[in-house]
Structure formats: C-alpha cells, structure tokens
Amino acid sequence: MNFKCIIIILLSTSFLNSCSEKLIDSENNYIVSSKSISNILDNEDIYWIIDKDSIPLNVNFNEDYYDFKCKNGKRVLRKKKFKLFPLTTKYDHKKAKEIISYNEELKKNNLLGVFSKLITLSDNKYLFQEEIGKRFIESNSKREGIIIKTTNTDSLKIEGTKGEIIFTVYKKSIANYINDNLIDSKYIDMDIINRHNEISKKFNINFYPNYFYLNPITSKLEAIFLNKGYFKEKISTKTEIVKFKPSLNYLNHFNIIDSNLLTLKKDKTIISEKLIIPKNFSVKINAAQSIDFVESGSILSYSTFNINGTKENPVKIYSSDSSGQGLHIIHGNSTSKVNYLEFIDQTAFLDSTKNNNWSLPSAFTVYGGEISINHSIFKNLSSEDAVNLFRCKYTFTDSKIENTFSDALDADFSSGKIINSYFINCGNDGVDISGGILSLSNSYFNNILDKAISAGEQSVLNVSNCKIENSDMGLISKDLSIAESENNEFSNCEIAYCAFQKKGEFGSGNIQTYNDTLINCSLAHLIETNSKLVINNKEIHIFQNNVIDYLYGKKYGKATVK
C-alpha cells in the first residue's frame, strides 16, 4: 500500500467516527433536543439525539447565546464545549455565513480560526462555534499556550482564561491595540497582524479581538476573533506600529558580510548569554567551527541557519558545563540546512525575566519553513524533547539521537522523512508525530523506555525496513492516525503494536502491517475496541477496553516527565 492510499484511508476514517463525534454535513441535518433551547434561561441538563445517538449536555444561558458542555465523554462535531448563537433574522443568517467563511480563510492561512458551522436544532437555526481553550489551539496546529480573554464593558478587563498571571507588558500591549490601534511589535506578532488585515480587507470587516493567544514558541501575542466581537466592528482601522530595537549582542560573536550573511568571528566561540538573531539574515557556520554554550547560553534565531560541517571536520555545538540551552530556529517560510553537526550536552530554552517567562521544551527547535538534517549526532540532551520540529517540512537522514532525558524527535503538525537514522537510549519516545505525515525507513531503535514510534492526532505514518529492539512499545497509532508497517523487525519489546484513542475529540487508531517479524515480544498487540489492526491483510479481532489505563507507566511504557 502506498502513501497516497494511506491518505485516502485517513480521510475516510475521519468520516467514520462514532455518532457522538460524527460531523453534521450541512445546516439541513437535524438534531432533536429534549428541551427547546429558547426555553432555557439558566443552567440545565438536557440531551440531544443525533443519528440515534443520545448526547447528554449541560447548557447555560448567557445573555444572547448558549454555552454547552458535553457529558459522559460525548462530543458534538468533535467538540466538548461550544456555543450556539440563535439566528432569528436574515441579517443574522447572512452574518453567520460571513463568520464561517472568514474563519475558514483564517485557517487556510495558518491563522487562528474558530470552527464555526450552521446547524438546525428542532427547526431553529443556530451558529455553532467551538469554545476557546486548549483543544482549540491544538486544532489550529499551535502549541498549547496561555489564552487571554478581553472584556470591554465600562472598562477593558484583560485576564488569563485559567487565572494565569499575565505580565504587564502584554496587558499594556493588548490595551493599546484594542483602545488605540497601537501595535507594539515586540509583543504582538506583526506577521500575524498583517495576514489578518489582508483577510479582513477581503471580507470588508475589521473585528474587535475577544481573545489573544500567547504563542509559547515566539513569545508573541496572536489575536482571536469570535462571539459578539463579530458583530461589533472597529470604527477606525488605521493602526500605528511601535517598533522596538532588538538587542545587538549577537554582533559580539558574528560578523555581517554583504549586508545579510552572518559568520562566526572565531572558529571556537564561547557564548554565555542568550543571543537573539533577528530576521533577514542567513547564518553560516563552517566546517570545524564550534560553539560552546556556557552559563545557560543559547541562540534563538529568526533567520535561516546553514551548518556546513564535513565528515572529517564536523561543526560542534556543545556545552562544556552542561548548562547550554540550545539552538532554536524560528524562520517562517525559509529553509535551513544542517550537515555534519555534533550537538551535545544541552537542555531546554528558558528566558525568565521580570516581564516574561519564555520557555521551549526542546534543546534543538525548528518552527516553520523547511529543515534538512544530515549526518548529524544529537547526544546527551536533558530537555523534554531533544529535537522538536513544529509546523515545518523536514528530512532527517543518516543521523543519530542518543542518551535523551525524554523524547528523541518530536514532530508536531509537520511532514517529513526519516531515513537511515538511529534512536538509542531514549527516556521516553523515539519518534513521536502529532497531526503530521512521516515516511520512516531503514532506521534503528534500541532501548526506548516508552514508545519507539508513535503517531497521534490524525497523523499518517509509513514505517519500513526498520529494526526496533529492547524497547517497551514498538509501533503506536492513536487518535485517528493511520500507521502502515512493512518489513520491520520488533525484538525484545513489551508490546509490538498498540492502537487506541487518547483524546476525546479524536477517535480510534489504525495499524496495517505487511511482512513484519516479531521476536521475543511479550505481547504482540494491544488494540482497543473500535481501533483496528490488520496483519498481512488479516484483521485481528482481539480487543481491550480502555487501553490508556494500561499505558503511560501504569503497566506499560513510561509516564511523560516535564
């Protein structure tokens, strides 16, 4: 079975969820409610019937919309929490359709868009919108971060949705943006603002933001628009940008050549501070050069990196006092290249000041764009993820990750290839993908304390000609992911295959195998009811309820340590 077939299967599978998760395909689909929504004036428990499935809900009336929360693990349109806005006039109906189109356009442009849909409930029309929370952020292919709510009645109120402490600089930036159209580009992501403006012009609207998302990778605010904000437009759309002067401390260690090329001043460089390299450069590190991060030193770059080591003279990025906080590349749609790099003795990035607390879970991070990593070694890394690839395209070839505190390679909402690589002595997972596509071949896994290869959140995974040994679990597919395994060898593993549902808004896992070899594995498979395992075209019908109750250190694998 080829990769294209897997994608087709995945799209089909997402349409075959349980009734409580099934998508309503048009506003004409019908829901029956145990009580008329218009008669609910307070907090009540009701149930809906959707395609013969009974869904219990709690409903709160909230001035001019209704807050819903599904109970007993059920979901409506794969959402646990949502709002319904009554559509009583032609104008309401027109505005609702505009909201849906607007959000779809935002999502297409990698902006935070709210899942919105017209539904029919007991002959009445409503606008369905998901609740803003952790799942909303993840469904937009973003990393979980603080969500800030704004309420503008007599005065502007700015607060974290979970009671988090919001630093004054962010509150001030939000207030200036909402009240005066003043944008502080140090704390508000200007790329996001510019893309928002382009889409708003297309729809001839300029809505007030109701929420802001503090992106933990960029440490900048991104606006979210929903609820009554859709029906209240700004009077003035003219904005003023406050530009800030970034630190120039990177020039202590780099030369600028031909206006946009940065090269190291010394072949052996010691960095004891946090360098931030701004946009519009290309950073080049040559063969035999080295960087020693000491006293929690690190580099966070908004420009591309080209690491040009050779077999005889690799580039070395290490930490002689084991305090280095790594290399982190945040570069939009650009492309970075890494060849013959030795990346050793690093931990995660943390920048804690009186105005901010910026942290990344990985020692080596790539956010956005493309990255190719070849002939490289990542070793002795004590971060949550050794290598984290987020919303990017990647290749990882002829390389090795070993001796990690937790996960070795974590790819979120990314697509890529891993070829001829090694993952050895990993404290948690070897390769873990979420919401992505991966072709993994001719690679070796040894002594993985949790899952050697894991696919989650509707991923597509193809694994071939790999060897997985002395590991707790071999191949895992969860939450609507499709994993195909061909010509792989699993030896001395507690569990070879495991498929299950972890998150309520998703569904079961699916594994198909061809010509695999299992040697001395304690349990060939652990497959949850409604998930699927097919071995050499023969479906396995041995199931276990609530598989998650056996995993993550409860009986198999290891609990995630953060």
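What spacing in nm lies between the two simple spin-label points modelled at GLU63 and SER122, each 7 Å away from Cα in the Cβ direction? Rounded to a tenth, the inter-label distance reads 2.5 nm. In a shell of Cβ-Cβ distance under 13 Å around ALA499, excluding ALA499 itself, what net charge do Lys and Arg (+1) and Asp and Glu (-1) give? Local net charge: 0. Annotation: amide H-H contacts under 5 Å for PHE349 (H modelled 1.01 Å from N, sequence separation of 5 or more, or interchain): LEU360, SER362.
Only Cα pairs under 8 Å and 6+ residues apart enter the sum, and on that basis the relative contact order of segment 263-405 stands at 18 percent. Of the residues VAL315, ASN152, SER415, the one whose Cα sits farthest toward the positive end of the charge dipole of the chain, with +1 on the Cβ of Lys and Arg and -1 on the Cβ of Asp and Glu, is ASN152. Restricting the GluC sites (Glu not before Pro) of segment 130-186 to loop positions (DSSP other than H, G, I, E, B) with no more than 16 neighbouring Cβ atoms within 10 Å leaves GLU144, GLU164. Note on HIS93 and GLU164: their simple-model spin labels are 4.1 nm apart, each label 7 Å out from Cα toward Cβ.
Taking the Cα centre of the chain as origin and assigning +1 to Lys and Arg Cβ atoms and -1 to Asp and Glu Cβ atoms, the resulting dipole is close to 1280 debye. Compactness ratio for the chain: Cα radius of gyration over 2.2 N^0.38 Å (N = residue count) comes to 1.03.
Across the chain, the mean sequence separation of Cα contacts (distance under 8 Å, 6 or more residues apart), normalised by length, yields a relative contact order of 7 percent. Helical runs assigned H by DSSP (4 residues or longer) give the chain a calculated mean residue ellipticity at 222 nm of -3500 deg cm²/dmol, each run adding -39500 (n - 2.57) before division by the residue total. If you take every residue apart from CYS426 with its C-beta less than 9 Å away from the C-beta of CYS426, what net charge results, scoring Lys and Arg +1 and Asp and Glu -1? Summing Lys/Arg as +1 and Asp/Glu as -1 gives -4.
Counting only C-alpha contacts under 8 Å and six or more residues apart, can you give the relative contact order of segment 421-485 as a whole percent?
On the way: 177 pairs, mean separation 21.8, N = 65.
Dividing the mean separation by the residue count of segment 421-485 yields 34 percent.
Multiplying the residue separation of LYS266 and SER36 by 0.36 nm and subtracting their alpha-carbon distance yields 75.5 nm.
A full extension of the chain between GLU198 and ALA288 corresponds to an added length of 27.8 nm, given 0.36 nm per residue minus the alpha carbon distance.
Trypsin sites (Lys or Arg not before Pro), restricted to segment 270-372: which are DSSP loop and have at most 15 other Cβ atoms within 10 Å? Walk me through the numbers on the way to the answer.
Details: sites: LYS274, LYS279, LYS284, LYS311, LYS316, LYS337, LYS354; in loops: LYS279, LYS311, LYS354.
Here the trypsin sites (Lys or Arg not before Pro) that fit, given the DSSP loop and packing criteria, are LYS279, LYS311, LYS354.
Compute the length gained on full extension between GLU105 and ASP154: take 0.36 nm times their separation in residues and subtract their Cα-Cα distance, giving the result in nm to one decimal. Intermediate results must be reported in sequence, preceding the final value.
Numbers: separation 49, 0.36 × 49 = 17.64 nm, distance 3.25 nm.
Value of the extension gain: 14.4 nm.
Every number in this text was worked out from the coordinates using simple rules, so none of it is lab data. Just so we're clear, the structure is a prediction, and the values are computed from it rather than from any experiment. With ideal geometry, Cβ positions are generated from the backbone for all residues, glycine too; neighbour counts draw on all protein chains shown.
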